[in-house]
Every structure is written in C-alpha cells, then in structure tokens.
Amino acid sequence: MTLSGALSNALSGLNAASRSAQLTASNLSNAMTPGYGPRTIELGANGLGAHGGVAVLGTTRHVNPGLLSEVRIATAARAETDEKAGFHARLESLIGLPTDPASLGATITRFESALIAAASRPDLAERLGAVVQSAGDVADGFKRVSDGVQSLRGEADRNIASDVEDLNALLSQVRDINLQITASTVGGRDTSALEDQRQALIDSIAEIVPVKEMQRDLGAVALFTPGGAILLNGAAAQVGFTATNVIAPHMTRAGGELSGLTINGRPVATDTVTGPMRGGRLGALFDVRDEIAPNVQAQVDALARDLVERFESTGLDATRAAGDPGLFTDNGAVFAPGDETGLSGRLSLNDAVIPDSGGALWRLRDGLGAVVPGPVGNGALLQDMASALSAGRVPASGAFGPAAMSAAGLQSGLLGQIATDRNASELGQSFAAARFEAANSQLLAEGVDSDQEMQRLMLIEQAYAANARLLQTVGNMFDALMRI
C-alpha cells in the first residue's frame, strides 16, 4: 500500500469515527425525547479509487412498528377511558352524596321532614313556610342537576370542536413532513429527524382517534383508523364539525339540532359500535354528548315526573280541579306525559302556595284550590302529602326496575346507578392505563440503551485513536522522506 493510500484510509476512518460519535451523542442526549428513534450508522468498504478505506453509507433509524402501533391503540383507549371516567365523577358530584346538604337526596329528605313537622302543627305559619322553602329547594335541585348535565354536554360539544381543529392541523403537518421526507429520500439526505417529528405528531393524533400507520413509497406514510376512516393517504382528510352554542335536553344529533362529523364533506357515524371514528378522546366526547348524558337526563326527568305525579294523584287534594297542577308543576302548568324530556329543568313550585307570587301558605293545609282558609288545626292534607312522598310507587318511566319505591328511594337508586357507572368507568380507566404503561415500557426498552451507547462510544474512541495514530505515522514517514 502506498503512503497516500494509507493516508486516505486513515482519513476515511477518522470521518467514519467522527460521524459515529456524533450519532452516539445524539442518541444519548435524546434518550428521553418522545418520538425519538435510536440511530445506527451504516458503514461499508470505500469502492472509489484503488486505496480502499471505509465509507459512510447512511443512517438507520430503529423502531418496532408493531409495538408502536400497540402503544398508539393503547393511547387512544386511555384517552377514551380518562374522558368517560372524568365525566362520571363530575356527574356523581353533581347529583351529590347523601351526606352533602346540597345534594338532591338531602333536599328531598328535608322536604319530607318539613311536611311531617307541619302536619303536627298545621297552625304554625313558620312550619308551612318551611314546607314551601324545602319544596322550592327540591325544584331548584332538579333544575341544577338538569342544567349541570346539559352543561357537561355543551362542554363535550366544545371539546369535540377543539379536537377536530387539532386533528386537522396535525394531519396537515404530517402531510407536510411526508413531502419533506420524500424529497430528502430522493436527494439522498438523512430523514431521521423528520421521522421523529412525524412520529410525535402521529402519537398526538392517537390521543384524539385511534390510528394505524402504513408505509408508502419514498418514506411517506398513510394513516387510517381501525374503523376504516382514511385520515391521510397522500392528501390529508378534512374533518368537519360545527359547535353548538347552547345545548338543551331535547337536542340530539339524530334530530339535526347537534352536529355530527364529516370527512371531506361526507357525513360519518359517530357511535361507539360501528362509527369509523370510534375510540379515542373524540369518540368518548361523542358518547358523552349523545349517549351517556342524555340517558342520565332521562333518568332525572323520570324522577321529576314521579315527584310531580305523586302530588297530582286523584284523591290527594279534593280542592284541586281536574286538569290543574299539583304542588309541583311543569313551569306552572300541569305535566303532560308526552313532554317528559327536560322536565327536571322546568320543575317549579305551584304559585298557589307562594306568597310572593300571589299565593298563600295556608293552601298547603287547606288545599291548592281552596278559596278561604279552613280550620287551622287540620293537618290531614299535609299528612297525606307526606305519605304520598314516602309511599312505594312504580315509576311510569325510567330504568328503575319494577319495584315500588318512595321518592327518596328512587333518588337513591339513581345515585346508585351513577356510582356503579363511575366504578365501571374507573375500572376501565385503570385497565387502559395499565395496558398503555406495559406497551410503552416495552417501546422505551427498545429505544436508546444508554449503557450500550456508552460502550459503542468507547469503541469509537479507540477507532478514532487508531486512525489518528496511523495518520501521525504516515506524516512521520513523509517527513523522513522529505529529509532524504
């Protein structure tokens, strides 16, 4: 080998060692960077000229596509269960536990106690006033719960709009990076950094909707949902949604009052069984807005209907004319069975017993239709009202089962259903979190191995030192020749 050949070999070795050191340092510094794929350098024999040496063929980015896909599916499941568990926890807080003085159950209990106390001393105006106050609290409690449920639906609707906006932006960014990777691949440039950015963006998409990645030519990828929606295949899909300012109990997507999703202008189903966008945080938000919250609203309305009908029952108040409302009304009118939806938000106390509305407290004792006060010691109607509230009754609507229950028992049953749903959602949340942690831990384990990188760095240093020594030796030999 000639001296120039040896010099060329040493220089190529120094260049390879320098590139290897840079790559190893990048791996170590990005060991905890989300989306970073560990790199290795590809070396080969230098085929140019007759001197040989080592050539840097390129950089390889390592990632396990099957494991990455599992992490993304687990990410979507975790986001979905987190959203649902949070909703059920807030819903249970909205209804309130029995120990909470402001809970719906506590207001019903106070109302029943006030009726019993007033029946024992019907002549005392303050006890009649306590009945009116506690009955008003019950009506206000139902309205608070109904308004709260609709507020949660409205919040879900706004979050859907925000997620759709983010999804469109992320898809556009992935499309742009696809184009950059394709151009870099054609130009023979390293695309690892662009692939890291793309992986982080797709990971963010996976929180919104479950996503599967498929390789395309020249380093590009296509994105699909497990339900079959095409999110990105060359061009990025445009997902459409229109937010609703205020949501009322009667408003549904099926009825056209609430927006669904469109992909490139074409409507798609949003249900959790067959919808192509099911799963992820977006699917959970649609489930909350269109399924879970309306079901809870229906149960609360059924409870309000039962309360109204207890005080509208025939024979309870002989002074009340047929067709007149009882103690509890539907915005001042008699309840119509065909208009149950949203009743809990319209529940109000009969003006006949409210002094500030032209009524009189003594009508609680003498009858809602009484024209003049009766005997002040007659507590029969108050006693009958207390009995009507505590009597076992099979509700006319709602999923409470066939058993006859008191008003307080029905409320307790509703709270039990909500608590059961919360527990189930939290179990699902725990399972999804464990699944994500297991898959993510495996993915991290296949990421940058700091110990291995340090060992590789030591080998690189040795190679660099050997090539540097050869370069020094060749230089000394050139110096010796020049002195001859």
*asked:* Could you sort the peptides 403-416, 54-67 by per-residue average Cβ neighbour count (10 Å cutoff), highest mean leading?
replied: 403-416, 54-67
*With only Lys, Arg, Asp and Glu charged, each at its Cβ (+1 for the first two, -1 for the last two), find how big the charge dipole of region 1-110 is about the Cα centre; round to the nearest 20 debye.*
200 debye
_Could you compute the longest span of the chain free of GluC sites (Glu not before Pro) located in DSSP loops and having at most 16 other Cβ atoms within 10 Å, not counting the site residues?_
1-256
*Using alpha carbon coordinates only, what is the Rg to Rh ratio of region 157-198, with Rh defined as the Kirkwood radius?*
1.21
_region 216-311: trypsin sites (Lys or Arg not before Pro) in DSSP loop, at most 11 other beta carbons within 10 Å_ = none
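Region 1-133: Rg/Rh from Cα coordinates, Kirkwood Rh?
Here the Rg-to-Rh quotient is 1.68.
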_Local net charge near Gln133, Cβ-Cβ under 13 Å (Lys/Arg +1, Asp/Glu -1)_ = -2
*State to the nearest 20 debye the size of the charge dipole of region 22-171 about its Cα centre, where the only charges are +1 on K and R beta carbons and -1 on D and E beta carbons.*
340 debye
*Would you mind working out the magnitude of the charge dipole of the chain relative to its Cα centre, with +1 at each Lys and Arg C-beta and -1 at each Asp and Glu C-beta, to the nearest 20 Debye?*
1120 debye
*Distance from region 242-291 to region 372-442 (C-alpha centre basis), Å*: 28 Å
*Considering only the other residues whose Cβ falls under 15 Å of the Cβ of Gly345, what net charge follows from Lys and Arg at +1 and Asp and Glu at -1?*
-1
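Where Rh is the Kirkwood radius over the Cα pairs of region 106-228, the temperature 10 °C and the viscosity 1.306 mPa s, what D in µm²/s does Stokes-Einstein return?
D = 81 µm²/s.
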_What is the sum of charges, Lys and Arg at +1 and Asp and Glu at -1, for the other residues whose Cβ falls under 12 Å from the Cβ of Val239?_
-2
*Dipole of region 85-207 (Lys/Arg Cβ +1, Asp/Glu Cβ -1, origin at the Cα centre): which of Ser103, Leu91, Leu170 lies farthest to the positive side?*
Ser103
*Show Ser93, Ser441 ordered by accessible area, largest first, where the area counts protein heavy atoms only and the probe is 1.4 Å.*
Ser93, Ser441
*What are the semi-axes of the equivalent ellipsoid for the chain, taken as the square roots of 5 times the Cα gyration tensor eigenvalues, largest first, in whole Å?*
77, 22, 15
*State the answer as a single residue: which of Gly52, Thr75, Tyr36 lies farthest towards the positive end of the charge dipole of region 33-89, with beta carbon charges of +1 for Lys and Arg and -1 for Asp and Glu, about the Cα centre.*
Gly52
*D_trans [Stokes-Einstein, Kirkwood Rh over alpha-carbon pairs] for region 90-133, 20 °C, 1.002 mPa s, µm² s⁻¹*: 190 µm²/s
*Out of every Cα-Cα pair in region 204-357, what percent are more than 23 Å apart?*
56 percent
*In region 313-457, what percent of the accessible surface is made up of carbon and sulfur (1.4 Å probe, ligands and nucleic acids excluded)?*
55 percent
*Report, in order of residue number, the helices in the chain meeting two criteria: a C-alpha extent of 18 Å or more along the helix axis, and a mean Kyte-Doolittle hydropathy of at least 0.0; treat each whole DSSP H run as one helix.*
3-29, 104-120, 407-445
*Averaged over all directions, how much area does the convex hull of the C-alpha atoms of region 343-484 cover when projected, in nm²?*
21.5 nm²
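The values are calculated or read from the model by the stated rules, or taken from the named source; none is laboratory data. Remember, predicted model here, so these are calculated numbers, not experimental data. Cβ: placed from backbone, ideal geometry, glycine included. Neighbour counts: every protein chain shown. Just the protein is used for accessible areas: all its heavy atoms, side chains included, with ligands, DNA and RNA removed. Shrake-Rupley method; radii C 1.70, N 1.55, O 1.52, S 1.80 Å.
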